[in-house]
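The values are calculated or read from the model by the stated rules, or taken from the named source; none is laboratory data. Since this is a predicted model, take the numbers as computed values, not measurements. A quick note on method: Cβ atoms are made from the backbone with ideal geometry, for glycine too, and the neighbour counts reach across all protein chains shown. Protein only, heavy atoms only, side chains kept; ligands, DNA and RNA dropped before computing areas. Shrake-Rupley method; radii C 1.70, N 1.55, O 1.52, S 1.80 Å.
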Protein chains: 2
Amino acid sequence: MRKIYDIILFHEEAKGEAFLTRLEGKKPLFICVIGTTETAKIPRISAAGKYPELTDYTPPADVELLLLGKCKCIREVPVTPEGIPTPALITMSALRLTDTPALVVSGGLKINPHVPFLDLGGGPGRDIRTGKAVDHVKEVMERARIAGENLAKTTGYLVIGESIPGGTTTALGILLAMGIDARGKVSSSMPSNPHELKIKTVEAGLKASGVEFGALADDPVKAVSCVGDPMVPAFAGLVLGAASKVPVLMAGGTQMGAVLAVIKALNQDVLTNVAIGTTRWIIADKTADLKGIITQIADVPILAADLDFSQSRFDGLKAYDSGIVKEGVGAGGSAIAAMVKSKGLISKTTLLKEIERNYEQLLALR
Amino acid sequence: MRKIYDIILFHEEAKGEAFLTRLEGKKPLFICVIGTTETAKIPRISAAGKYPELTDYTPPADVELLLLGKCKCIREVPVTPEGIPTPALITMSALRLTDTPALVVSGGLKINPHVPFLDLGGGPGRDIRTGKAVDHVKEVMERARIAGENLAKTTGYLVIGESIPGGTTTALGILLAMGIDARGKVSSSMPSNPHELKIKTVEAGLKASGVEFGALADDPVKAVSCVGDPMVPAFAGLVLGAASKVPVLMAGGTQMGAVLAVIKALNQDVLTNVAIGTTRWIIADKTADLKGIITQIADVPILAADLDFSQSRFDGLKAYDSGIVKEGVGAGGSAIAAMVKSKGLISKTTLLKEIERNYEQLLALR
């Protein structure tokens, strides 16, 4: 596949190239949208935390790492049950190398971060098996739209990432409710993707809310309310508010499908100014199919940072190349933005060096 | 006094002119820092609300007006007991004329606004007569500093305003605790400035906290904690984080003295990149002495928007020229920024026309 710098033009190549051209010479603002859902505590559904109860702390700890260079709400950086560190390490390194500003937006949290965050009035999400996953979806999305509109006036473009444990399951919920067949297609932070468990969980939520596959194709607010999570309306609102003014790189994996579906149902005009930015690990994931989700929704380009940690001197980073974690906290998108901003001077090699340097410092803090 | 456009160079003329030159051709970001304090509910201390209990709603309603063009947490725009409308009307008009983005920062609130706001972990302030006015001052200031640092990277310069009823009394508290003699010098939103009541209130707070005049000159965190309000540490932190990178126009009246004293005690280097921007009504106020406060602290310039509502066709606006309200919500600073951004095309006349147009629309909504 063709690359520009170390960015793979994975899907809609010409549009992807044109999108990257529009970013040249512009300064980005990075936004991390965080949220929590009780869905993450279903055993074996999420690896975004050492154990299920700790997933409440992962999003706030991730953004603390981005803004402070260390975590405050927990003692060490978020890790998977195997001890593999959060992708926020990648994002933090990319932002630091390019002196890129970062802002945190909360869609709804159980634990607040010890850093400034934009409050949209949302609360943490319930287990989607209740069929009543998220409250105040419309209001949160509207407030996010206003924030996006204002922030778009301050920056050349936006890179928006997310952190919400359990997020691929809730994304699957939204996608199925809206008629996008994402069964077996959403990604996982674990190498063995628990598709059966995710589908069973979503089906329980759809049943509880009396919603059939595709019944909410035109009602994204209800889809999120029933079987979604609080990150999605905040993320979608930001894009809806910003993308009519500036390019927006939606930085994430298969969860971006759910966000994209919500955006498309509300204002498809903004999609011409949007691209998905992810990691090579997501597009190489044989247990998932990002392209298979996105092509059902809209013809937006998919770009992937050609990250490669296989030669890292740290086992915790090497693990990324055996399919653990893969993406999150806007890792891929922030790497792409760093490559564009530096006109390729920041390559996958320089980025890995900076990530290793930061990881080493964090390990020394323990 | 010399003017540039309709901006009066009121104090430190040469520095004020140099500051304005540094803003030319740059895009501003407007930030409104809001907070509430029980101090505002002391009878006759604040006119920033129809009656004392309503002062909790004034800051959130002010920022709703800025971002939405209408209020949500109350039905009409905030008014004084006499029905004179909030200065947020001026700010809203200045921001709209120049398409300037706005962001809300909360230092600590009793009632949250129905718009996005940056949460810094602070709570609403207590009555300063308790001597325990504000909790978590250091942490809020540190989080604000981080926000200021990041926001400075997105913009040419910052204009920061505030809305906190009772704020001149709490400012007097901080100033006296830090050894700046502001007795009889702080301004008021009422034409008859209740200096005696303010001094009595502050003295009760100083006594309750065992603090004498000037005892906390080097401990601004304690000064705010004992007899201040939650707006001040948020505002000061933003300036501390931003002003080493970009110019910051501190948009307000005599309360800016308290913010300035806090900043100076923590990092006086940033003061070279700071100016105070206010309204003509503040510098013309015979019941107060902004210059007399500021000169005791630092030699920062004072700029004043030469606003004149005496010929307005609305009595509610005309009242500003008889000394009611005078300033707030960054009215003066946002007017100055609009004049600079338009290279003077936006004058006091065009601004009044826009304010009248917006006021008329809001009256029609009732």
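Scoring B:LYS264 on the criteria (1) over 28 Å from B:ALA61 (Cβ atoms); (2) charged (D, E, K, R); (3) assigned to a helix (DSSP H, G or I); (4) over 20 Å from the mean Cα position of the chain (by Cα) leaves a single failure, condition (4).
Would you mention how many residues in region A:117-170 are within 14 Å of chain B (Cβ to nearest Cβ) and not polar (S, T, N, Q)?
Count: 27.
Does B:GLU82 satisfy the criteria of being more than 14 Å from chain A (Cβ to nearest Cβ) and touching a residue at least 40 places away in the same chain (Cβ under 8 Å)? Yes.
Residues that are modelled with pLDDT under 95 and open to solvent by 10 Å² or more (accessible area, probe 1.4 Å) do occur in region B:54-62, at least one of them. Condition test on B:ASP181, is it part of a loop (DSSP other than H, G, I, E, B) and under 17 Å from the mean Cα position of the chain (by Cα)? No.
Rundown of residues vs (1) hydroxyl-bearing (Ser, Thr, Tyr); (2) not in a loop (DSSP other than H, G, I, E, B), yes/no style:
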| position | (1), (2) |
| --- | --- |
| B:ASP269 | no, yes |
| B:TRP281 | no, yes |
| B:THR287 | yes, no |
| B:ALA298 | no, no |
| B:ALA319 | no, yes |
| B:GLU327 | no, no |
| B:ALA335 | no, yes |
| B:MET339 | no, yes |
| B:ILE346 | no, no |
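Only one of the numbered conditions (1) within 14 Å of another protein chain (Cβ to nearest Cβ); (2) open to solvent by 20 Å² or more (accessible area, probe 1.4 Å) is not met by B:GLY69, and that is (2).
The residues listed here are A:ALA14, A:ALA48, A:ALA18, A:ALA40; of these, the one that is more than 29 Å from A:THR98 (Cβ to Cβ) and away from chain B (no Cβ under 14 Å) is A:ALA40.
Here is a check on your reading of the model: is B:THR168 assigned to a helix (DSSP H, G or I), closer than 23 Å to B:LEU266 by Cα and in contact (Cβ under 8 Å) with a residue 60 or more places away in the chain? Taking the combined requirement at face value, the residue satisfies it.
Name the single residue that is nearest to A:GLY253 (Cα to Cα) among those in region A:120-149 being out of contact with any helix residue (DSSP H, G or I) (no Cβ under 6 Å at 6 or more places or on another chain) and buried (at least 23 other Cβ atoms within 10 Å of the Cβ). By that ranking, first place goes to A:GLY125. When we screen A:ILE174, A:ILE128 for residues that are within 22 Å of A:GLU38 (Cα to Cα), of a type in the set (A, V, I, L, M) and over 17 Å from the mean Cα position of the chain (by Cα), the only hit is A:ILE128. Within region B:348-366, the set of residues being among the basic types (Lys, Arg), in a helix (DSSP H, G or I) and touching an Asp or Glu at 6+ places or on another chain (Cβ under 8 Å) comprises just one member, B:LYS348.
Taking (1) crowded, with 23+ Cβ neighbours inside 10 Å; (2) away from chain A (no Cβ under 14 Å); (3) of a type outside the set (Phe, Trp, Tyr) in turn, B:GLY184 satisfies each apart from (1).
Would you point out the residue of region A:287-317, among those that are of a type in the set (D, E, K, R) and closer than 17 Å to A:THR91 by Cα, that is least open to solvent (accessible area, probe 1.4 Å)?
Let us first name the residues in region A:287-317 that are of a type in the set (D, E, K, R), namely A:289, A:291, A:299, A:306, A:308, A:313, A:315.
From what is left, the residues that are closer than 17 Å to A:THR91 by Cα are A:306, A:308.
Numbers: A:ASP306: 16, A:ASP308: 56 Å².
In this case the residue turns out to be A:ASP306.
Checking each residue in region A:102-116 for being at the interface with chain B (Cβ under 9 Å from one of its Cβ atoms) and open to solvent by 30 Å² or more (accessible area, probe 1.4 Å) picks out A:ASN112, A:HIS114.
Test A:ALA275 against the criterion of being at pLDDT 95 or above, open to solvent by 10 Å² or more (accessible area, probe 1.4 Å) and not hydroxyl-bearing (Ser, Thr, Tyr), and give yes or no. Against the criterion (at pLDDT 95 or above, open to solvent by 10 Å² or more (accessible area, probe 1.4 Å) and not hydroxyl-bearing (Ser, Thr, Tyr)), A:ALA275 does not qualify. Of the residues contained in region B:198-208, none is found to be within 20 Å of B:LEU20 (Cβ to Cβ) and either open to solvent by 10 Å² or more (accessible area, probe 1.4 Å) or of a type outside the set (Lys, Arg) (or both).
The single condition among (1) out of contact with any strand residue (DSSP E or B) (no Cβ under 6 Å at 6 or more places or on another chain); (2) open to solvent by 10 Å² or more (accessible area, probe 1.4 Å); (3) closer than 16 Å to A:GLY332 by Cβ that A:VAL259 does not meet is (2). Of the numbered criteria (1) buried (at least 23 other Cβ atoms within 10 Å of the Cβ); (2) among the polar types (S, T, N, Q); (3) at pLDDT below 95, the one A:SER192 fails is (1).
Checked against (1) more than 30 Å from A:LYS341 (Cβ to Cβ); (2) modelled with pLDDT of 95 or more, A:GLU12 passes all but a single condition, namely (1). Return yes or no: is B:VAL77 within 27 Å of B:THR350 (Cα to Cα), in contact with a strand residue (DSSP E or B) (Cβ under 8 Å, 6 or more places away or on another chain), more than 12 Å from every other protein chain (Cβ to nearest Cβ) and of a type in the set (A, V, I, L, M, F, W, C)? Yes, satisfied.
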